[in-house]
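Chemist: Take this structure first; my questions come after.
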């Protein structure tokens, strides 16, 4: 049996990392969890929750340092597979050359950092190695369905509010299993949109969906191509505004 959690507390905590002034926001399902971390998760839950402090958005490195998971930020760190592909997409969006050493340096020094012009949000705040019920129950003594319902009620309106307030140029959702949640955050009622690509534009923000970086068979080139597509769409928006 996993550890009982206070759902209201965690639902209002840990919205994400980085800088809300960033031009591009990435929104995913929930924090990832490696095998090494999973073995120690039950002993770290309280530490993770307390590490969120009282801020909605935190510094990615400082948070991981507080929970003792700082190896992704060390010199010559191994690339974190989800972050690395998103960074690859971001580099293409910014018109930067893409290479492994540059991605590693960006992951270590800038990704998800305060005032970094990068923004990473999570639909659900707690990490789990899988969304399968048995894996969830082994970590947390609460039904996942109830946890998700409470998180949605609190977090979806807040995400929409933050986007309306900060007006990023693009919001990139990653993962195809939560399309209805992505639509609610965007405020776009597109019944026919059920796959990756552009969801549309609302209040000057482009909404775009890509597969999860950890999904089977998703290549680096897929994210570079997605970055190229988003950049093309944003250039089109700028052109239309100027005419």
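Chemist: If you take the residues in the range 20-52 that are modelled with pLDDT of 80 or more and farther than 20 Å from residue 85 by Cβ, which one is surrounded by the fewest Cβ atoms within 10 Å (Cβ to Cβ)? Break it down into steps so the answer makes sense when it comes.
Modeler: Of all residues in the range 20-52, those modelled with pLDDT of 80 or more come to 20-31.
After this cut, where a residue has to be farther than 20 Å from residue 85 by Cβ as well, the list is 20-21.
Working: 20: 16, 21: 11.
The extreme case among them is 21.
Chemist: Within the range 189-200, is even one residue surrounded by fewer than 16 Cβ atoms within 10 Å (Cβ to Cβ), in contact (Cβ under 8 Å) with a residue 12 or more places away in the chain and under 22 Å from residue 15 (Cβ atoms)?
Modeler: Within the range 189-200 (the criterion being surrounded by fewer than 16 Cβ atoms within 10 Å (Cβ to Cβ), in contact (Cβ under 8 Å) with a residue 12 or more places away in the chain and under 22 Å from residue 15 (Cβ atoms)), the answer is no, since none of the residues qualifies.
Chemist: Out of all the residues in the range 158-173, which are out of contact with any helix residue (DSSP H, G or I) (no Cβ under 8 Å at 6 or more places or on another chain) and more than 10 Å from residue 22 (Cα to Cα)?
Modeler: 158, 161, 162, 164, 165 - these are the residues of the range 158-173 that are out of contact with any helix residue (DSSP H, G or I) (no Cβ under 8 Å at 6 or more places or on another chain) and more than 10 Å from residue 22 (Cα to Cα).
Chemist: When you scan the range 214-225, do you find a residue that is surrounded by fewer than 15 Cβ atoms within 10 Å (Cβ to Cβ), outside any helix (DSSP H, G or I) and at positive phi, even just one?
Modeler: Yes, the range 214-225 contains a residue that is surrounded by fewer than 15 Cβ atoms within 10 Å (Cβ to Cβ), outside any helix (DSSP H, G or I) and at positive phi.
Chemist: Could you check, for the range 85-105, whether at least one of its residues is at pLDDT 90 or above and at positive phi? Don't jump to the end; show me each part of the working.
Modeler: The initial filter retains those residues of the range 85-105 that are at pLDDT 90 or above, namely 85-105.
Among the residues that remain, those that are also at positive phi are: 95.
Yes.
Chemist: I need the full set of residues from the range 166-183 which are free of Cβ contacts under 8 Å to residues at least 24 places away in the same chain and either over 10 Å from residue 199 (Cβ atoms) or crowded, with 22+ Cβ neighbours inside 10 Å (or both), in order please.
Modeler: 180
One line per residue, one yes/no per condition, for (1) in a loop (DSSP other than H, G, I, E, B); (2) surrounded by fewer than 19 Cβ atoms within 10 Å (Cβ to Cβ); (3) in contact (Cβ under 8 Å) with a residue 60 or more places away in the chain:
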site: 68; (1), (2), (3): yes, yes, no
site: 75; (1), (2), (3): yes, yes, no
site: 78; (1), (2), (3): yes, yes, no
site: 87; (1), (2), (3): no, no, no
site: 96; (1), (2), (3): yes, yes, no
site: 101; (1), (2), (3): no, yes, no
site: 108; (1), (2), (3): no, yes, no
site: 112; (1), (2), (3): yes, no, yes
site: 126; (1), (2), (3): yes, no, yes
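The values are calculated or read from the model by the stated rules, or taken from the named source; none is laboratory data. Here the structure is a predicted model, which means the values were calculated and not measured. Here Cβ is always computed from backbone atoms with ideal geometry, including for glycine, and neighbour counts include all displayed protein chains.
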